[in-house]
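Here the structure comes first, spelled out in structure tokens, and everything after it is commentary.
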Amino acid sequence: DAEITQSPRHKITETGRQVTLACHQTWNHNNMFWYRQDLGHGLRLIHYSYGVQDTNKGEVSDGYSVSRSNTEDLPLTLESAASSQTSVYFCASSDWVGGELFFGEGSRLTVL
Amino acid sequence: RKEVEQDPGPFNVPEGATVAFNCTYSNSASQSFFWYRQDCRKEPKLLMSVYSSGNEDGRFTAQLNRASQYISLLIRDSKLSDSATYLCVVNMGGNKLVFGAGTILRVKS
């Protein structure tokens, strides 16, 4: 069965460290997204990609970057982790833009 | 004003009850709407899509009121397994999907 996986599922890091969260999907979807979820907020879009070599900033992109070198993967990098980036991060993919999102299980990041 | 607003709840209802929650949105040009279900500490999963006036799937009915700019989710004959957070998602145009913060439903025996 096709799926979308994230790793690590849990990570604790220190302020200032670089962190990369991996996202791998086997749906063969062109569209991939990174969201963060915080209490009291809906999921907020960090970055998204509509295909290989395509990346775009979302509403909360400061301090984050992504790269898309193949269809399957969209890693999210926190250049210099800050306590405000403590959150649950969800990767998602979709077959068509604006269509159903298929989410990974989430990565819980704590920045101390 | 938030682009998508939901009553956070929690809605505490007994098994078998009918419960409804609303989601209001700010962009009158929005064309498509979704309800996702999220269990505690899990990923969101699509419950229902709404592209016209409404949609029905078993015990779940979504209704769209374009004039008042809200979408509702009605759950009939609530089950314990319906306990979850329900996320309203609105396509604001340009394929910008905006999530509401979610409504918590707790179904009690």
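Set side by side, the residues B:22, B:27, B:55 differ, and just one is surrounded by 14 or more Cβ atoms within 10 Å (Cβ to Cβ), of a type outside the set (Gly, Ala, Ser) and more than 16 Å from the chain's Cα centre (by Cα), which is B:27.
Taken over the stretch A:47-83, the criterion of being in contact (Cβ under 8 Å) with a residue 24 or more places away in the chain and part of a strand (DSSP E or B) is satisfied by A:47, A:49, A:50, A:64, A:66, A:73, A:76, A:77, A:78. Hey, does the stretch B:47-54 have a residue that's part of a strand (DSSP E or B), among the small types (Gly, Ala, Ser), within 27 Å of residue A:47 (Cα to Cα) and modelled with pLDDT under 95? Looking through the stretch B:47-54, at least one residue is part of a strand (DSSP E or B), among the small types (Gly, Ala, Ser), within 27 Å of residue A:47 (Cα to Cα) and modelled with pLDDT under 95. The set of residues from the stretch B:37-75 being touching an Asp or Glu at 6+ places or on another chain (Cβ under 9 Å), within 13 Å of chain A (Cβ to nearest Cβ) and in contact (Cβ under 8 Å) with a residue 24 or more places away in the chain comprises B:37, B:47, B:48. All of A:38, A:62 fail the test of being charged (D, E, K, R), surrounded by fewer than 19 Cβ atoms within 10 Å (Cβ to Cβ) and within 14 Å of another protein chain (Cβ to nearest Cβ), apart from A:38. Residue pairs whose Cβ atoms lie under 6 Å apart, sitting 6 or more positions apart in sequence or on different chains, and linking a residue in the stretch B:91-109 that is within 11 Å of chain A (Cβ to nearest Cβ) to a partner that is in a strand (DSSP E or B) and of a type in the set (Gly, Ala, Ser), are B:91/B:32.
Where residues in the stretch A:94-112 are within 19 Å of residue B:41 (Cα to Cα) and outside any loop (DSSP other than H, G, I, E, B), which of them is farthest from the other protein chains (Cβ to nearest Cβ)? Per the criteria, the residue is A:111.
Taking the stated definitions as given, is residue A:88 within 14 Å of chain B (Cβ to nearest Cβ), surrounded by fewer than 21 Cβ atoms within 10 Å (Cβ to Cβ), closer than 25 Å to residue A:17 by Cα and within 11 Å of the chain's Cα centre (by Cα)?
yes
Each residue in the stretch B:64-90 was checked for being crowded, with 16+ Cβ neighbours inside 10 Å and part of a loop (DSSP other than H, G, I, E, B), and 2 of them qualify. Going by the conditions given, is residue B:61 under 21 Å from residue A:39 (Cα atoms) and not in a loop (DSSP other than H, G, I, E, B)? Taking the combined requirement at face value, the residue does not satisfy it.
The values are calculated or read from the model by the stated rules, or taken from the named source; none is laboratory data. In this text the structure is predicted, and so the values were computed from the model without any measurement. For neighbour counting, all protein chains shown are included, and Cβ atoms are generated from backbone atoms with ideal geometry for every residue, glycine included.
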